[in-house]
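Chemist: My structure is below; once you've seen it, I'll send some questions.
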Amino acid sequence: MKIFKFLCIIAGLIVLTGCSLSNEKDKSLPFETIAKGTYGYASEQNKKISSQEKWEEFLMTWSKSEIDRFSETEIDFDKYQIIVVIVGCPDTSWSTNIIRITEYSERIIVTVQVKTHGGYAMDTLTLPYHIVKIPVTTKNIDFKHIN
């Protein structure tokens with residue numbers, strides 16, 4: 001009987017410890033928007049940029065008038081990295097929003113909401129984008145698109 005009680009106590013502790021650890025494994029990461037809008041010349045992409053060289057290459061694909069709308073272009077890549085989400089859409093009524101960035105023990109999930117606001121169809125593809133800055137991480141980053 002003592003062994004049964006001992007095993008029940010141990011099982012209870014494992015369950016309680018497991019519950020508290022699972023709450024610590026996922027946390028919301030802070031992010032800061034650098035730019036958000038619609039652009040006609042970029043390519044559809046989900047990516048992270050973690051070096052000055054890659055950031056400069058990325059910026060070279062944008063017009064000066066678009067870059068002037070960025071809240072910042074000087075990034076301290078020792079502290080931050082950039083997350084870029086650009087989605088191809090058939091008309092001007094769509095928007096792309098990074099709504100949450102969640103850090104798990106082995107990866108980071110960027111949750112992106114793509115939705116329409118009802119607009120008119122165009123012959124060209126529009127590319128709503130959201131570019132944010134997050135603290136540096138070495139974890140893999142996955143993207144989850146929702147409506």
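Chemist: From the list I134, I75, I146, which residue is modelled with pLDDT under 95, over 18 Å from S43 (Cα atoms) and under 18 Å from the mean Cα position of the chain (by Cα)? If you could, list the steps in order and put the result at the bottom.
Modeler: Values: I134 fails: modelled with pLDDT under 95; I75 fails: modelled with pLDDT under 95.
Of the residues listed, the single one that is modelled with pLDDT under 95, over 18 Å from S43 (Cα atoms) and under 18 Å from the mean Cα position of the chain (by Cα) is I146.
Chemist: In the stretch 45-60, what residues are in contact with a Phe, Trp or Tyr (Cβ under 7 Å, 6 or more places away or on another chain) and at pLDDT below 95?
Modeler: Once the filter is applied, which keeps residues that are in contact with a Phe, Trp or Tyr (Cβ under 7 Å, 6 or more places away or on another chain) and at pLDDT below 95, the stretch 45-60 yields only N46.
Chemist: Test E74 against the stated conditions and say whether it is loosely packed, with under 12 Cβ neighbours inside 10 Å, of a type outside the set (K, R) and assigned to a helix (DSSP H, G or I).
Modeler: No.
The values are calculated or read from the model by the stated rules, or taken from the named source; none is laboratory data. Not measured: the values here are computed from a predicted model. Every residue, glycine as well, gets a Cβ built from its backbone with ideal geometry; the counts of neighbours run over all protein chains shown.
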